[in-house]
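Working notes, structure below.
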């Protein structure tokens, strides 16, 4: 509704409102029952503020990363993964774009430090929103929290002679980001469930690393500030991949056709086609087989 009220975002609002209203699905027949549907076609808007398309983009990035790390693991099978979360102080909504750009520059400086442990990395920038954020609110100045989640692939020597303590990470991030305060960071070894293989240990963290850049519930909480948020976030690259991973992982933003499941469908399995149509009157999809 707020996007419709702003002349600069009416086109975006219209595109989101008409997104995914009709979807072509395919169901696999599993033990004489219909399995989970695959979305094979439909009209999607591919806008950043669209919850449906953001869900599909997240799936696309996860698929890219899983496939890319499988290939990387063949050549670098002794690498292990660590999670790194980097933060700065909360900012006003009209400082968001500048803050994120500065964080990305700081992350680049961090990776260029001599002795930086990550031989390869994947970076995702997330923005969380204070639930009390409203235009004119006294909390306006500190209600947006941009932060970086990074998956670093490190050599075995990281756990011995090349180890960085949490304090070391904190100090290096403070210098790279040129902060006059001590930032909060989190660093931990990526863990997997008992009984998985070494290959699984290396790729399992992707499911956590490639999450939503901004949750749909947070976007709804922005209310009348949503147009300003859209302007601040427009054309920002919120995902980053290191040079050593680029030969394995696509780095461009997903195209609309990549948001479908066509490449995941097993052509040897019996399938049933269906159409899902959205009805505003009942606020749900109706399926036609």
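Answer yes or no: is there a residue in the stretch 23-39 that is touching a helix residue (DSSP H, G or I) at 6+ places or on another chain (Cβ under 7 Å), surrounded by 17 or more Cβ atoms within 10 Å (Cβ to Cβ) and outside any helix (DSSP H, G or I).
Going through the stretch 23-39, the residues touching a helix residue (DSSP H, G or I) at 6+ places or on another chain (Cβ under 7 Å) turn out to be 38.
Keeping just the survivors that are surrounded by 17 or more Cβ atoms within 10 Å (Cβ to Cβ) gives 38.
Among the residues that remain, those that are also outside any helix (DSSP H, G or I) are: 38.
The answer is yes, given that some residue of the stretch 23-39 is touching a helix residue (DSSP H, G or I) at 6+ places or on another chain (Cβ under 7 Å), surrounded by 17 or more Cβ atoms within 10 Å (Cβ to Cβ) and outside any helix (DSSP H, G or I).
Could you say whether any residue in the stretch 76-92 is in a helix (DSSP H, G or I) and in the same structural domain as residue 179 (by TED's automatic domain parsing)?
Checked against the condition, which is being in a helix (DSSP H, G or I) and in the same structural domain as residue 179 (by TED's automatic domain parsing), the stretch 76-92 yields no hits at all.
Could you tell me whether residue 249 is at pLDDT below 85 and touching a strand residue (DSSP E or B) at 6+ places or on another chain (Cβ under 8 Å)?
Here the answer is no, as residue 249 does not meet what is asked.
Would you check if residue 44 is in contact (Cβ under 8 Å) with a residue 12 or more places away in the chain, crowded, with 18+ Cβ neighbours inside 10 Å, in a loop (DSSP other than H, G, I, E, B) and touching a helix residue (DSSP H, G or I) at 6+ places or on another chain (Cβ under 6 Å)?
Numbers: in contact (Cβ under 8 Å) with a residue 12 or more places away in the chain: yes; crowded, with 18+ Cβ neighbours inside 10 Å: yes; in a loop (DSSP other than H, G, I, E, B): yes; touching a helix residue (DSSP H, G or I) at 6+ places or on another chain (Cβ under 6 Å): yes.
Judged against the criteria, residue 44 is a match.
Every residue in the stretch 123-168 that is modelled with pLDDT under 90, within 30 Å of residue 190 (Cβ to Cβ) and crowded, with 18+ Cβ neighbours inside 10 Å, please.
Answer for the stretch 123-168, where residues must be modelled with pLDDT under 90, within 30 Å of residue 190 (Cβ to Cβ) and crowded, with 18+ Cβ neighbours inside 10 Å: just 129.
In the stretch 219-289, which strands (runs of 3 or more DSSP E) lie fully inside it and hold 1 or more residues that are loosely packed, with under 12 Cβ neighbours inside 10 Å and outside the structural domain of residue 148 (by TED's automatic domain parsing)?
Hits in the stretch 219-289: 271-279, 284-288.
The values are calculated or read from the model by the stated rules, or taken from the named source; none is laboratory data. Being a predicted model, the structure only gives us computed values, none of them experimental. So basically every Cβ, Gly included, is an ideal-geometry build from the backbone, and we count neighbours across all protein chains shown.
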